[in-house]
Structure formats: C-alpha cells, structure tokens
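Reviewing the structure listed below.
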Amino acid sequence: MIQNTLTTIPFKTQAEFDQIMIANKNNILVVYNDLMEGKSLVFSDDAQGKYVKKLEDQLLLLSDELSGGIL
C-alpha cells in the first residue's frame, strides 16, 4: 500500500524558509508551526496522489490505444 510521508523541517530565518519552500516545491505544505520551541514546516510527499495520477495516465494511454488512437 502506498503511504504519504510527512517531513518536518525546522527553520529560523526567512532565507531558510525560502530555501525550504523552493526545495519542496513538488511537495504539499501541510503545517506551518510557529511555536515557542521554534518554527518548522511539515510537508507531505503526496505519494498516494502521485500514484493515482500515474494510474490515471496509464488508463488514458491504454484507452487511446484500444480506441485506435482517437483520444
């Protein structure tokens, strides 16, 4: 079974925040924590969503082949 992975990344400065956001542009921001213990971002890799999208793409290609390339 495909599971989404959550990653927590602490940061202190705006520059660190910007770098983290750029590095994780293909992930989904789930939580922005601004607590007394510090600031952090939590990202999901959306593995389930990416898997479903891949299956949908494969089904569309198969459908196109079976219909003689009409799609």
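In region 19-28, what residues are aliphatic (A, V, I, L, M) and under 15 Å from V42 (Cβ atoms)? Listed by number, the residues that qualify are I20, M21, A23, I28. Among the residues of region 1-35, which ones are assigned to a loop (DSSP other than H, G, I, E, B) and either open to solvent by less than 60 Å² (accessible area, probe 1.4 Å) or touching an Asp or Glu at 6+ places or on another chain (Cβ under 7 Å) (or both)? Hits for region 1-35 are N4, T5, N24, N27. Being among the aliphatic types (A, V, I, L, M) and over 16 Å from L6 (Cβ atoms) is the filter here, so list the residues in region 24-42 that pass it. L35, M36, listed by residue number. Would you please list the contacts, defined by Cβ atoms under 6 Å and residues six or more apart or on different chains, that run from a residue in region 4-18 that is within 20 Å of S44 (Cβ to Cβ) to a residue that is open to solvent by 90 Å² or more (accessible area, probe 1.4 Å) and not in a helix (DSSP H, G or I)? No pair meets every condition.
Checking each residue in region 37-71 for being farther than 30 Å from K12 by Cβ, of a type in the set (A, V, I, L, M, F, W, C) and outside any helix (DSSP H, G or I) picks out I70, L71. If the condition is being open to solvent by 50 Å² or more (accessible area, probe 1.4 Å) and either of a type in the set (S, T, N, Q) or closer than 14 Å to N4 by Cβ (or both), then region 43-66 contributes Q48, K50, Y51, V52, K53, Q58, S63. Return yes when D34 is without any contact (Cβ under 8 Å) to a residue 12 or more places away in the chain and within 30 Å of A15 (Cα to Cα) and no when it is not. Yes, satisfied.
The values are calculated or read from the model by the stated rules, or taken from the named source; none is laboratory data. Fair warning: this is a prediction, and the values are worked out from it, not measured in the lab. Note that we place each Cβ from the backbone using ideal geometry, even for glycine, and neighbour counts take in every protein chain shown. Note: accessible area is taken over every heavy atom of the protein model, side chains too, but ligands, DNA and RNA are not part of it. Shrake-Rupley method; radii C 1.70, N 1.55, O 1.52, S 1.80 Å.
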